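Chemist: Mind having a look at this structure? Questions to follow.
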Amino acid sequence: YLSILSKKLGEQQYFFGNRPTMLDAVAYGYLALVIKVDLPQNTLKAIIESDYPNLIGLCNRIHEQLGTPTTISEQSLIAGLAGATRHAISSYFTVLKLPQQEVKDDPQRAAKVRSVVGASFAFLGYVIYNGILSAPAPKAISQTDALAFESAGDVLSVIRNI
């Protein structure tokens, strides 16, 4: 696969011209794991460096464009993912801000909610009655377990009275 990628890349900066594409990003993702990570014995890295210098160049170009990576200690993982997602979405889509519409009071809203809740309980009753949904019968509690529960109840009542 490396020879095919190397042949496709040729002397170009990126696989499909002067701008990185999804193929460049995928290739970078796999190549960076081999090239940028220092391992004690990295035979694949040595092969790529000797046989596919154009793939090394591609990986280095994309790595330079990405800049210094932010570590998780500098910002939380969720905030970083949210920022990356916002950036990715905003680079592909234009978000249109629509004017807010007035929220109209629906006089039948309460009746609609009651009918949905009622239908849900009716469906649940039907499912249980017909045996589609069932729960295993509880096991009998042994005398030892009953005493343990009773003493735990005594402890809880003492704690509540404190």
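The values are calculated or read from the model by the stated rules, or taken from the named source; none is laboratory data. These numbers come from a predicted model, not from an experiment. Here the Cβ positions follow ideal geometry from the backbone for every residue, glycine too, while neighbour counts run over all protein chains shown. We work out accessible area using only protein heavy atoms, side chains counted, and drop any ligands, DNA or RNA first. Shrake-Rupley method; radii C 1.70, N 1.55, O 1.52, S 1.80 Å.
Here is a yes/no grid of residues against (1) loosely packed, with under 10 Cβ neighbours inside 10 Å; (2) assigned to a loop (DSSP other than H, G, I, E, B); (3) modelled with pLDDT of 80 or more:
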residue: Leu96; (1), (2), (3): yes, yes, no
residue: Gln100; (1), (2), (3): yes, yes, no
residue: Asp105; (1), (2), (3): yes, yes, no
residue: Arg114; (1), (2), (3): no, no, yes
residue: Val117; (1), (2), (3): no, no, yes
residue: Phe123; (1), (2), (3): no, no, no
residue: Val127; (1), (2), (3): no, no, no
residue: Ile132; (1), (2), (3): yes, yes, no
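Chemist: So, one more: Looking at region 1-38, which of the residues that are at pLDDT 85 or above and of a type in the set (D, E, K, R) is surrounded by the fewest Cβ atoms within 10 Å (Cβ to Cβ)?
Modeler: Glu11
Chemist: Hey, another quick one. Where the second residue is at pLDDT below 90 and surrounded by fewer than 13 Cβ atoms within 10 Å (Cβ to Cβ) and the first is over 11 Å from Gly57 (Cβ atoms) and lies in region 7-29, which pairs have Cβ atoms under 7 Å and are six or more apart or on separate chains?
Modeler: Between residues of region 7-29 that are over 11 Å from Gly57 (Cβ atoms) and residues that are at pLDDT below 90 and surrounded by fewer than 13 Cβ atoms within 10 Å (Cβ to Cβ), the close pairs are Phe15/Thr21.
Chemist: Can I ask one more? Of all residues in region 39-65, count the ones that are open to solvent by less than 40 Å² (accessible area, probe 1.4 Å), modelled with pLDDT under 90 and not hydrophobic (A, V, I, L, M, F, W, C).
Modeler: Qualifying residue count, region 39-65: 1.
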